[in-house]
Amino acid sequence: MPSETPLDNATDMTPWQGRTDPEPHSERWHQKVQPLTESGTPGCALLGFACDAGVVRNQGRVGAAEGPAALRQALAPLAWHRRGPAYDAGDVRCKGDAMEDAQQALADRLTPLLDAGHRPIVLGGGHEIAYASWSGLAQHLAGRGETAPRVGIINFDAHFDLRDPAHVRSSGTPFSQIADDSQQRGWPFRYACLGVSRAANTRALFNRATELGVLVREDRDFDARYLDAIQRDLERFIARCDHLYLTIDLDVLPAAEAPGVSAPAARGVSIALIEPLIERIRDSGKLRLADLAELNPGHDVDGRTARAAARLVHLLTLND
């Protein structure tokens, strides 16, 4: 399939609609989000990645390209508790199979946002978003002259996404690509994958994770009784990092909480168990950007997945 221009510079503000209350201090997201401008005060910058190409290559359920619009619509009516501003930076749109072009376009949009002091939250799109987000952060850090930054990648996901990119690059290969890129740059590779399903990952992938020194916690490890231990593991991981990149594949949630994903989880990890860990990452002072992947509105039920994703965005931005 021929490559087409992946970048759409227009910012569509029509999803930002919702209820307006007359009482003071009753604002909602749709009343506060502004289109991004070059002169804007640093704040939260939402950037969409409307891409399905990686999911198609990975033989998943198509529809994640519609995720950014659905997530904005679900976020729009939520109560506003932020102190700083929030911006809509528009979408990077992949047409056809031009995944690599779209990934580079997203990286090139992220780098100036990071340079300007914004904290981007990228709305996906398939999990090929991860390599694009990493690339944007790497460009930013290299541009600042950091020669070997310790970037911690924290992935809430049912899958490692460590498949070999030599065969085909897809939504299943981003962290292998990041490991390769880190090696070429001479940077340490620090990766934590939380919520992994043993049933959904081959022995080869577990072996690859061991070889790369990945911090692994399986979905069956997530229980209220063991949450303190997982939190301690996460805190030790964070302490060894200078910067954090958080990526959330919504298929980490149980199918009952997130049916609208490319690969629904038979077990998954409840949002109630994930939220305290995300709060720790948010409050670390090291989080530089985050993304949410695999929202597939065409398979959602009653907007459950979109609302779960919107709640996570809301949580990530509460203390800014």
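Among the residues of the range 23-47, write down those that are among the charged types (D, E, K, R) and open to solvent by 80 Å² or more (accessible area, probe 1.4 Å).
First, the residues of the range 23-47 that are among the charged types (D, E, K, R): 23, 27-28, 32, 38.
Within the range 23-47, 23, 38 meet the criteria.
Against the criterion of being more than 24 Å from residue 258 (Cβ to Cβ), surrounded by 21 or more Cβ atoms within 10 Å (Cβ to Cβ) and in contact with a Pro (Cβ under 9 Å, 6 or more places away or on another chain), residue 50 does not qualify.
Inspection of the range 240-249 finds a residue satisfying the criterion of being more than 21 Å from residue 188 (Cβ to Cβ), under 17 Å from the mean Cα position of the chain (by Cα) and open to solvent by less than 30 Å² (accessible area, probe 1.4 Å).
Take the residues of the range 93-128 that are of a type in the set (Val, Ile, Thr) and in contact with a Gly (Cβ under 8 Å, 6 or more places away or on another chain): which is nearest to residue 307 (Cα to Cα)? Full working, then the answer.
Taking the range 93-128 as the starting set, the residues that turn out to be of a type in the set (Val, Ile, Thr) are 111, 121-122.
Checking the rest, the ones that are also in contact with a Gly (Cβ under 8 Å, 6 or more places away or on another chain) come to 111, 122.
Details: 111: 28, 122: 16 Å.
The residue in question is 122.
Hey, could you check the range 55-99 for residues that are more than 17 Å from the chain's Cα centre (by Cα) and assigned to a helix (DSSP H, G or I) and say which is nearest to residue 19 (Cα to Cα)? Only one residue tops the list, namely 73.
Quick check on my filter: what residues within the range 197-214 are open to solvent by 30 Å² or more (accessible area, probe 1.4 Å) and outside any helix (DSSP H, G or I)? If the condition is that a residue be open to solvent by 30 Å² or more (accessible area, probe 1.4 Å) and outside any helix (DSSP H, G or I), then 202, 212, 213 are the ones that fit. Which condition from (1) surrounded by fewer than 17 Cβ atoms within 10 Å (Cβ to Cβ); (2) assigned to a loop (DSSP other than H, G, I, E, B); (3) not polar (S, T, N, Q) is the one that residue 226 breaks? Exception for residue 226: condition (2). Of all the residues that make up the range 94-142, how many are among the charged types (D, E, K, R) and open to solvent by less than 10 Å² (accessible area, probe 1.4 Å)? Residues in the range 94-142 being among the charged types (D, E, K, R) and open to solvent by less than 10 Å² (accessible area, probe 1.4 Å): 1 in total. For the range 274-306, which positions are surrounded by fewer than 19 Cβ atoms within 10 Å (Cβ to Cβ) and assigned to a helix (DSSP H, G or I)? Result: 275, 276, 279, 280, 298, 299, 304. Every condition in (1) closer than 30 Å to residue 115 by Cα; (2) assigned to a strand (DSSP E or B) is met by residue 217 except one, and the failing one is (1). I'd like to check something: does the range 229-240 contain any residue that is in a helix (DSSP H, G or I) and of a type in the set (Phe, Trp, Tyr)? Among the residues of the range 229-240, at least one is in a helix (DSSP H, G or I) and of a type in the set (Phe, Trp, Tyr), which makes the answer yes.
The residue list 256, 266 contains one member that is modelled with pLDDT under 95, surrounded by fewer than 22 Cβ atoms within 10 Å (Cβ to Cβ) and of a type in the set (A, V, I, L, M), which is 266.
Scanning the range 71-101 for residues that are touching a strand residue (DSSP E or B) at 6+ places or on another chain (Cβ under 6 Å), closer than 29 Å to residue 165 by Cβ and small (Gly, Ala, Ser) returns a single hit, 89.
The values are calculated or read from the model by the stated rules, or taken from the named source; none is laboratory data. All of these numbers come straight from a predicted model, not from anything done at the bench. All Cβ positions, glycine included, derive from the backbone under ideal geometry; neighbour counts span all protein chains shown. SASA here: full protein model, heavy atoms, side chains in, ligands and nucleic acids out. Shrake-Rupley method; radii C 1.70, N 1.55, O 1.52, S 1.80 Å.
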